[in-house]
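The values are calculated or read from the model by the stated rules, or taken from the named source; none is laboratory data. In this text, all values refer to a predicted model and were calculated from it rather than measured experimentally. Every residue, glycine as well, gets a Cβ built from its backbone with ideal geometry; the counts of neighbours run over all protein chains shown.
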Amino acid sequence: MTAVELLPIHAFVQDRNLVQQGLSNYWGYNTIGFFAIEPRYLSEGAANEMRVAVRRLHAAGIEVILDVVYNHSAEGSEAGPTLSFRGLDNLSYYRLVPDNRRRCINDTGTGNTLNLSNARVLQMVMDSLRYWVTQFHVDGFRFDLGVTLGREPHGFDPGAGFFDALRQDPVLSRVKLISEPWDIGPGGYQLGQHPPGFAEWNDRFRDTVRRFWRGDPGQRSDLAARIAGSSDLFDRRSRRPWSSVNYVASHDGFPLADIVSYAERHNEANGEGNNDGHGENYSANWGTEGPTDDPAILDTRRRVARAMLMTVLLSHGTPMLLGGDEFGRTQRGNNNAYCQDNELSWLDWKLAESPDGRALTAFVTRLMELRRRYAVLRSRNFLHGKDEPAPGVLDIDWFDAKGEIISEQAWNSGEERILAVRRAAAEEDGTLPILNLLLNPTPDAVRFRLRAPRLATRILIDSAAPEAPERDLEGEEVEVAARSAVLTVSVDKAA
């Protein structure tokens, strides 16, 4: 089953500074009503519209995950308006500076931090979550700044009351739980530190994939770990590869088309002097900043974008795509479009119907079908290269272009970029598909020699030739074009 994750649908308040600039909060991360749908999202103001939407998505085989913001409220800092919680019980609802309790602790960067260590605040959050599951039948939640929700007076704690309450709840322990594993408070980066039952947005995957395909030195060993489900981060306390949510683009930052079209952010329209948003995007324009008609630059951009998509969808973990990336949506270099309720943020469905849009969508569809076809691409367990499903074939292994095992010295070489990842796992019918993911981020074509055993091999997909059908390999080497990836399969019998 596939899932769609919705940006916050809870009722929220417009930011005063945005209104004064003639802008508006488009993303909705300024919640004030945790039990209400934002009225603008309903055509007739009836919550039943949401129920119908969820029911129809379920009928199409699509789960619904809500992005929820329980880390702060729209009341802002102590200088902000009194809208609800501050007037009811400021001391209980918010974390306050111990020696100056009129001031809010600001671990969220929004002015205030909700205090989930307080029993009544925790109860409110739990009641809200259960409401959306029992009344609307949503399938899970993505927790904005999830580290804040796990903060106790001494700091972040994987055994915090919020996490314990979720994992023990008979309703909520059965739905999907995804955390954004950071905030801006002390010790705020906690990737891989959440308890079992949680998946986490993996920004290490995002940044490594971007840097690898940009051609940065020293990325090969880290990319190998990311493709293997980031077991170095998540293989503890009986967690599974699905715990790593793998992505190269999300709502917060460049969409995929801009990652390969802009070297710098262009957020002038946000009214903050282009000082907001991520400063380092690990992006490249490949010769021209922004739009261009140069066919060579366009070819490189498309090739790198497809290679990134292959890396996301063919790695262990839970793949996540930003809506519109499957047909080349752009924000024209704005990497913080939270306040752009206009064409900059909207999905242009005409682009999806363009020749380029249709071609990219078809390529993504093929990748999804391949992931579904071969179980080893979505392994339920971490693979460490210790099991041998066939003689001489490990469950996962890494090679160079010559088909040789990468030495420790080569792993540590910052200038080595070529990588071949081989994975194998028996299917229910007793066959053993052996898949090779061949990655070439260099500006020149590279010939990969496949490792023994010598079996009939098929090329399943090639990011440099996205429309080429599956075909048998002639010979023992696979040519991988510049800045491209190829997936092959050979079939053996399981041991």
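For this structure, a couple of remarks:
- Scanning segment 333-347 for residues that are closer than 18 Å to residue 290 by Cα and of a type in the set (Asp, Glu) yields a total of 1.
- Flag if residue 15 is buried (at least 18 other Cβ atoms within 10 Å of the Cβ), of a type in the set (D, E, K, R) and either assigned by TED's automatic domain parsing to the domain that holds residue 180 or out of contact with any Lys or Arg (no Cβ under 6 Å at 6 or more places or on another chain) (or both): yes
- Tallying residues that are more than 22 Å from the chain's Cα centre (by Cα) and of a type in the set (Phe, Trp, Tyr) within segment 252-302 yields 1.
- Some residue of segment 253-275 being among the hydroxyl-bearing types (Ser, Thr, Tyr) and under 22 Å from residue 26 (Cβ atoms): yes
- In this entry, residue 360 passes the filter for residues that are in a helix (DSSP H, G or I), touching a residue at least 24 places away in the same chain (Cβ under 8 Å) and of a type outside the set (S, T, N, Q).
- Test: residue 89 is in contact (Cβ under 8 Å) with a residue 60 or more places away in the chain and either in contact with a Gly (Cβ under 9 Å, 6 or more places away or on another chain) or surrounded by 12 or more Cβ atoms within 10 Å (Cβ to Cβ) (or both): no
- Scanning segment 37-58 turns up no residue that is in contact with a Lys or Arg (Cβ under 8 Å, 6 or more places away or on another chain), modelled with pLDDT of 95 or more and of a type in the set (A, V, I, L, M).
- Filter pass, residue 103 being within 21 Å of residue 183 (Cβ to Cβ) and touching a residue at least 24 places away in the same chain (Cβ under 8 Å): yes
- Number of positions in segment 9-24 that are touching a residue at least 60 places away in the same chain (Cβ under 8 Å) and under 19 Å from residue 143 (Cβ atoms): 1
- Some residue of segment 171-184 being more than 21 Å from residue 63 (Cα to Cα), touching a Gly at 6+ places or on another chain (Cβ under 7 Å) and surrounded by fewer than 20 Cβ atoms within 10 Å (Cβ to Cβ): yes
- Members of segment 189-241 that are part of a helix (DSSP H, G or I), in contact (Cβ under 8 Å) with a residue 24 or more places away in the chain, of a type in the set (A, V, I, L, M, F, W, C) and farther than 30 Å from residue 153 by Cα: 205, 209, 212, 213, 223, 224, 227
- Any hit, segment 255-270, residues being buried (at least 17 other Cβ atoms within 10 Å of the Cβ), touching a residue at least 12 places away in the same chain (Cβ under 8 Å), within 24 Å of residue 65 (Cα to Cα) and assigned by TED's automatic domain parsing to the domain that holds residue 322: yes
- Among the numbered conditions (1) of a type in the set (D, E, K, R); (2) modelled with pLDDT of 95 or more; (3) on the phi < 0 side of the Ramachandran plot, the only one that residue 280 does not meet is (2).
- Looking only at segment 417-474, residues that are modelled with pLDDT of 95 or more, over 22 Å from residue 364 (Cα atoms) and not aliphatic (A, V, I, L, M) come to 8 in all.
- Filtered by the rule that a residue be in a loop (DSSP other than H, G, I, E, B) and without any contact (Cβ under 8 Å) to a residue 12 or more places away in the chain, segment 163-188 gives a lone residue, 170.
- Among the residues of segment 221-239, not a single one is touching a strand residue (DSSP E or B) at 6+ places or on another chain (Cβ under 6 Å), farther than 16 Å from residue 150 by Cβ, at pLDDT 95 or above and of a type in the set (D, E, K, R).
- Qualifying residue in segment 320-338 (condition: under 19 Å from the mean Cα position of the chain (by Cα) and basic (Lys, Arg)): yes
- Exactly one residue out of 413, 379 is surrounded by fewer than 16 Cβ atoms within 10 Å (Cβ to Cβ) and either more than 24 Å from residue 454 (Cα to Cα) or without any contact (Cβ under 8 Å) to a residue 60 or more places away in the chain (or both): that is 413.
- Helices (runs of 4 or more DSSP H) fully within segment 242-356 that include at least 3 residues being closer than 22 Å to residue 212 by Cα and of a type in the set (Lys, Arg): 295-313.
- Conditions (1) of a type in the set (S, T, N, Q); (2) under 21 Å from residue 69 (Cβ atoms); (3) surrounded by fewer than 18 Cβ atoms within 10 Å (Cβ to Cβ): number failed by residue 202: (3)
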